[in-house]
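**Q** Structure incoming, see below.
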Amino acid sequence: MEFSWKIVIDAGIISAALLLATALRSRWRFLQRFMVPNALTAGFILLPVYNYLMPAIGYTQNRLGDLVYHLLSISFIAMALRSKPPKVHGEARHSVWAMSTVTLSQYAVQITLGLLLTWVMFSTFAPGLNPAFGLTLPLGFALGPGQAYAIGKGWESMGFEGAGSVGLTMAALGYLWACLVGVALVNYGVRKGYLPKHATEAMQDKGMLTGLVPKGAEKPVGMRNTTDLEAIDPMSLHAAAVASTYILSYALLLGLSWLLGLAGKAGADLARNLWGINFIFSAVVAMAVRGFMDKLRLGHVMDDDSLSRVSGFAVDYMVAGSLAAISLVFVGKYWLPLLVLSTVGGIVVTLTVPWWASRIFRDHRYERMIMLYGLSTGTLSTGLALLRILDPEFKTKVSSDYMLSAGLTFLLAIPFVLAINLPAQAGMTGELGPFWTMVLIGVCYLAYCVAAFALIARKRAFASPLRIWLEE
């Protein structure tokens, strides 16, 4: 009897790369100085392995793309199964709304900028460029590699050749902006005196730099047991909760696909597109499951820290696997548009995030800006890694305010995600109507963000508009 080892081989190779990356981070000053996540290093190690070495030995059909697709949904489920955040009032509500506004403003800026730059490129030096190319900027920078790959793969069936690899490449370039420029912004804040003195000390912390808790140091608690080990291991319980929820989301999408199929070709096409945003359905189902557990008074058996570890595990493997899944053939084909879009996008993010943050926030302004910069160019883990340089033990409200704001941001971003295929449809039909509709959606998001910004920041909103960072 023959057994398939493909998923085991891929998981084993990614695991070995993560171990090697961890060893490199503990020794290599460059990786320590720029706080490069181990998963990112592992992905770059695997990039030539999967593009050249594995095909040379006959391993031509890797399933890394499928792995990334599922890990994305798993990470969303694990976070959505966490307990509901406490209600906020007064000043705290303004901070949460402000965090959501700046996060969403980057979606809006990157949607609009990416699409308009793409229009310029396919109207001039890149006539064959797919109209959906511009949305790889918000997908790769503001959302992350999982979303960029999952949605990009859906675009491939709509005529955008290599869209999955293009999205992953944009995400990799975003990580570089997050690590290199993000750490440079931290150093700039220290020099200008925008940060407390302990930030300088934190940047010398050996555990933070090497990524390993030093020998003899007190080890932080990463998760807590909610079961008796004799009955079931608590990690088994949490993994089972996540996996069961994923099956429920699969069943929901399967049922929706069947119902939409009854509507004919248009319904079937919509159903196929919904599978590309499975992570949204997975998160919604997970929130429903958590609500049901709370109604039955069973929510206490879920430990938030344990669920965070499940999500962190999924993100680490997803990031490493997503970079390894990049096809260098398509990178070579799109290298100039990728360079133009990522460079202009990176510069705009570097200018706009500090501009918004210095005016809309009333406390911990630089810490909030640094975290939001990491989020706008990488992922939540990148944003938290940059924040940890300034706030090693997360004693400020910055991380908690972001977590509280994430639900609002998620709800407000649903229309964007549901409309994500419009530019790809324009490329498939040759009619630019859907493309300009998506540009209009980006402009509407930007208008909302500007209005919210003005309400929250008040007199500071447009003070000294030419200054990137507004002094106190």
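**Q** Dipole size in debye (nearest 20) for the chain around its Cα centre, Lys and Arg Cβ +1, Asp and Glu Cβ -1?
**A** Magnitude of the dipole: close to 1120 debye.
**Q** If you don't mind, there's one more thing I want to ask. If I take R0 = 22 Å and measure r between the Cβ atoms of Leu296 and Ala240 in this structure, what FRET efficiency does the formula 1/(1 + (r/R0)^6) give, to the nearest 0.05?
**A** 0.85
**Q** Then there is this: So if I place +1 on the C-beta of Lys and Arg and -1 on the C-beta of Asp and Glu, and nothing else carries charge, what would the dipole magnitude of the range 24-142 be about its Cα centre? I want it in debye, nearest 20.
**A** Dipole of the range 24-142, to the nearest 20 debye: 500 debye.
**Q** Still on this structure, please answer the following. Sticking with the crude label model, points 7 Å out along Cα→Cβ, report the distance from Leu351 to Ser15 in nm, one decimal please.
**A** Result: 4.8 nm between the two label points.
**Q** Any of Lys6/Lys153; Lys153/Lys333; Lys84/Lys395; Lys395/Lys459; Lys215/Lys397; Lys84/Lys153 with alpha carbons more than 24 Å apart? Name them for me.
**A** Lys395/Lys459; Lys215/Lys397; Lys84/Lys153
**Q** Let me ask another. Classify the range 338-472 from the C-alpha gyration tensor, please: rounded if a/c falls under 1.5, else prolate or oblate depending on whether a/b exceeds b/c.
**A** It comes out prolate by the Cα gyration axes.
**Q** Mind checking the full-extension length gain between Thr124 and Ala231? Use 0.36 nm per residue of separation minus the Cα-Cα distance, one decimal, nm.
**A** Roughly 31.9 nm would be gained on extension.
**Q** Another question, if that's okay. 7 Å from Cα along Cα→Cβ at both Leu270 and Glu161: what's the point-to-point distance in nm?
**A** 3.2 nm
**Q** Ranked by accessible surface with a 1.4 Å probe, highest first, in what order do Arg33, Arg460 come?
**A** Descending accessible area places them as Arg33, Arg460.
**Q** If you take the beta carbon distance between Ile247 and Ser464 as r and set R0 to 41 Å, what does 1/(1 + (r/R0)^6) give as a FRET efficiency, to the nearest 0.05?
**A** Working: r = 54 Å, r/R0 = 1.32.
The formula returns an efficiency of 0.15 here.
**Q** Can you tell me the FRET efficiency between Ala184 and Lys6 if r is taken as the Cβ-Cβ distance and R0 is 45 Å, rounded to the nearest 0.05? Don't skip to the answer; put the middle values down first.
**A** Values: r = 41 Å, r/R0 = 0.91.
FRET efficiency, Ala184 to Lys6: 0.65.
**Q** If you take the square roots of the eigenvalues of the alpha-carbon gyration tensor of the range 254-366 and sort them as a ≥ b ≥ c, do you get rounded (a/c under 1.5), prolate (a/b over b/c) or oblate?
**A** In terms of gyration-tensor shape, oblate.
**Q** May I pose another question? Counting only heavy atoms of protein chains, what accessible area per residue, in Å², does the chain have with a probe of 1.4 Å?
**A** Dividing the accessible area of the chain by its residue count gives 47 Å².
The values are calculated or read from the model by the stated rules, or taken from the named source; none is laboratory data. Not measured: the values here are computed from a predicted model. For neighbour counting, all protein chains shown are included, and Cβ atoms are generated from backbone atoms with ideal geometry for every residue, glycine included. Please note that ligands, DNA and RNA were not included when accessible areas were found on the heavy atoms of the full protein model with its side chains. Shrake-Rupley method; radii C 1.70, N 1.55, O 1.52, S 1.80 Å.
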